[in-house]
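Notes follow once the structure below has been shown.
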Amino acid sequence: LFDRRFRSDLPAVLARAAAAGVERAVCIGIDRDSNRESVRLANQHPMLVAAVGLQPNGLAEVEPDDWDEVVRLAETEPKVVAVGETGLDRY
């Protein structure tokens, strides 16, 4: 939902979703920037909540304090309802 293609009409997209019966949607963060953007959108739109985490395929770009940021968001932001993509994939 934080993709640039939704910037101009996200309220309309969410209104159409609500009209179709969607009551709640999760914005999923996968890195520092998308975690912050997911929380921002969740705080802006009542039907949205956020998940924060670090996607395993991007771990080479992770900064040393990115995990601390995930923990901070999970502990302090009421609209964060999940932590995921934390690099636990085993393949």
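The values are calculated or read from the model by the stated rules, or taken from the named source; none is laboratory data. What you are looking at is a predicted structure, and each value in this text was computed from that prediction instead of being measured. All Cβ positions, even for glycine, are placed from backbone atoms using ideal geometry, and neighbour counts span all protein chains on display. Areas reflect the complete protein model, heavy atoms only, side chains present, ligands, DNA and RNA absent. Shrake-Rupley method; radii C 1.70, N 1.55, O 1.52, S 1.80 Å.
Just need a number here: residues in region 44-56 that are over 18 Å from Asp3 (Cβ atoms) and open to solvent by 20 Å² or more (accessible area, probe 1.4 Å).
The number of residues fulfilling the criteria is 2.
Identify the residue in region 57-70 that is open to solvent by 90 Å² or more (accessible area, probe 1.4 Å) and not charged (D, E, K, R) and, among all such residues, is nearest to Arg7 (Cα to Cα).
Going residue by residue through region 57-70, those that are open to solvent by 90 Å² or more (accessible area, probe 1.4 Å) are 57, 60-61, 63-64, 67-68.
Now restrict to residues that are not charged (D, E, K, R): 57, 60, 64, 67.
Working: Asn57: 26, Ala60: 28, Pro64: 30, Trp67: 27 Å.
Once the filter is applied, the top-ranked residue is Asn57.
Being assigned to a loop (DSSP other than H, G, I, E, B), modelled with pLDDT under 95 and either open to solvent by less than 50 Å² (accessible area, probe 1.4 Å) or in contact with a strand residue (DSSP E or B) (Cβ under 7 Å, 6 or more places away or on another chain) (or both) is the filter here; which residues of region 4-43 pass it? Even if it seems obvious, please write down each step before you answer.
Our first condition is that a residue be assigned to a loop (DSSP other than H, G, I, E, B); within region 4-43, this holds for 7-9, 20-24, 29-31.
Next cut, modelled with pLDDT under 95 only: 7-9, 29-31.
Hits for region 4-43 are Gly29, Ile30.
I need every pair where a residue in region 53-66 that is assigned to a helix (DSSP H, G or I) has its Cβ under 8 Å from the Cβ of a residue that is of a type in the set (A, V, I, L, M) and modelled with pLDDT of 80 or more, sequence separation at least 6 or different chains.
Between residues of region 53-66 that are assigned to a helix (DSSP H, G or I) and residues that are of a type in the set (A, V, I, L, M) and modelled with pLDDT of 80 or more, the close pairs are Gly58/Ile30; Asp66/Leu54.
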